[in-house]
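Undergrad: So that we are looking at the same thing, I have put the structure below in structure tokens.
The numbers here are math on the coordinates, done by the rules we state, and not lab data. Note that the structure is a prediction, hence the values are computed from the model and not measured. Ideal geometry is used to build each Cβ from the backbone, glycine not excepted, and the neighbour counts take in all protein chains shown.
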Ligand SMILES: C[S@@+](CC[C@H](N)C(=O)[O-])C[C@H]1O[C@@H](n2cnc3c(N)ncnc32)[C@H](O)[C@@H]1O
């Protein structure tokens, strides 16, 4: 069993709750975008693998890199990937909040699900995502909608979708588009410039 490194077990249980799939199934983003080229898919703020695990299953011949700032999350994700036999899934510990250890202009898709609202400097991390993405490759940001709605957790940090789009533009992304995939989450996609 991985060392939780002082992480809250209740938070881990929430991140692993299969009921999340009814609200925000990560594979639904593939109905509106796709990886570009053969490079790795990078799950930024991967946690314990809510996106990285199903994407590694969905794309068995492609590298999926799960990046996070918390080693305890990645230790649990390593265990889950090993027990699922997902040799194409690798974890990458971020040395800082805006450093993703992936070579420049190589990634085919970057995805951040329920991460944006936690970021102290979102534009810096998005600039880093732009650095790692191949020209023309997409970034997908899925996060809680800012508007309160019945049946979803209230309070906490919420970022309006217009602000997420502004952050993407400030980080240099092009072709920014909003999608309506989920009842309680916004989906915002940008494209790394050519
Ligand atoms: C609410 S969890 C979501 C995890 C996963 N994406 C999911 O949906 O289950 C937010 C994650 O973002 C990570 N995180 C926070 N700040 C980050 C940063 N600057 N760069 C990368 N990950 C970050 C946290 O460590 C945590 O694992």
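Undergrad: With N set to the number of residues, divide the alpha-carbon radius of gyration of segment 90-164 by 2.2 N^0.38 Å and report two decimals.
TA: Segment 90-164 yields a ratio of 1.22.
Undergrad: Given a Förster distance of 22 angstrom, what is the FRET efficiency for residue 118 paired with residue 32, based on the Cβ-Cβ distance and rounded to 0.05?
TA: Efficiency, from the Cβ-Cβ distance: 0.40.
Undergrad: Could you tell me what a quarter of the Cα convex hull surface of the chain works out to, in nm² with one decimal place?
TA: Result: 10.2 nm².
Undergrad: To continue, here is another question. So for the chain, averaging the separation of alpha carbon pairs under 8 Å that are six or more residues apart and normalising by length, what relative contact order in percent results?
TA: That works out to 20 percent.
Undergrad: Contour minus end-to-end for residue 79 and residue 57, with contour as 0.36 nm per residue of separation and end-to-end as the Cα-Cα distance?
TA: So the chain would gain 6.4 nm between residue 79 and residue 57.
Undergrad: Sorting 186, 108, 83 on the 10 Å Cβ count, fewest up front, what's the list?
TA: 83, 108, 186
Undergrad: Here is a follow-up. Using Cβ contacts closer than 10 Å as the measure, can you line up 117, 179, 167 from fewest to most?
TA: Lowest count first: 117, 179, 167.
Undergrad: Would you mind calculating the gained length between residue 154 and residue 194 on full extension (0.36 nm times residue separation, minus the Cα-Cα distance), in nm to one decimal?
TA: The residue 154-residue 194 span can extend by a further 10.5 nm.
Undergrad: Could you tell me what percent of the DSSP beta bridges with both partners in the chain are antiparallel, to the nearest 5?
TA: Given both bridge residues lie in the chain, the antiparallel proportion sits at roughly 40 percent.
Undergrad: Can I get the semi-axes of segment 137-194's equivalent ellipsoid? Compute them from the C-alpha gyration tensor as square roots of 5 times the eigenvalues, in angstrom, largest first.
TA: Here the semi-axes work out to 24, 11, 7 Å.
Undergrad: Which residues among segment 108-140 fall inside the zone where the amide N is under 15 Å from a point 7 Å beyond the Cα of residue 99, along Cα→Cβ?
TA: Within reach of a label on residue 99: 125, 128-129.
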